[in-house]
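One structure is given here, and the rest of the page talks about it.
Derivation of every value follows stated rules applied to the coordinates shown; laboratory data play no part. Predicted model only: the values in this text are computed from it and were never measured. Backbone-built Cβ (ideal geometry, glycine too); neighbour counts: all protein chains shown.
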Amino acid sequence: MDTLCGIGLPELLILALLAFVLIGPERTREVAVTLGRWLGRAMKSPWWKEFTQVTTALRDLPTTLVRMAELEEAQAELRRTLRELEREGRVDEGALSGRAAPRPPQTSSNDPWGVASLGPADIPPPPQDSESHDI
């Protein structure tokens with residue numbers, strides 16, 4: 001159950017009953033209207049909007065950290081793959097820093113698309129269904 005500053009529903013009911021007894025039945029309506037107006041102004045204020053943004057960010061912090069860690073892992077894997085390709089001579093040195101595009105494979109005049117030199121391991125897998133990708 002959610003609480004507000006450690007005060008749950010039973011405590012709020014006890015406080016409301018205590019306020020009713022202390023204020024009295026005559027002024028209860030007047031105090032409730034005043035309190036409602038004050039809360040309405042407070043909830044429309046820029047401070048309240050900032051407060052709710054901060055609490056939402058704090059609530060979503062674990063999920064955000066996990067996503068960031070997964071991105072860092074994917075980025076590290078991409079760097080490892082680029083280094084391996086560089087060692088094999090498929091990518092020039094500038095591609096690791098993102099400044100140069102990969103070199104196209106050398107082709108002969110008889111095979112302009114480089115299809116003849118492809119082996120079974122070079123054929124990419126078929127694309128997967130777009131519904132199974134997480135975004």
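The simple Förster model, with R0 at 35 Å and r as the Cβ-Cβ distance, assigns Ala76 and Arg41 a FRET efficiency of 0.10. Distance between the modelled labels on Val33 and Leu12, one decimal in nanometres: 2.4 nm (7 Å Cα→Cβ projection).
Using the Cβ-Cβ distance between Phe20 and Thr64 with R0 set to 30 Å, the FRET efficiency works out to roughly 0.10.
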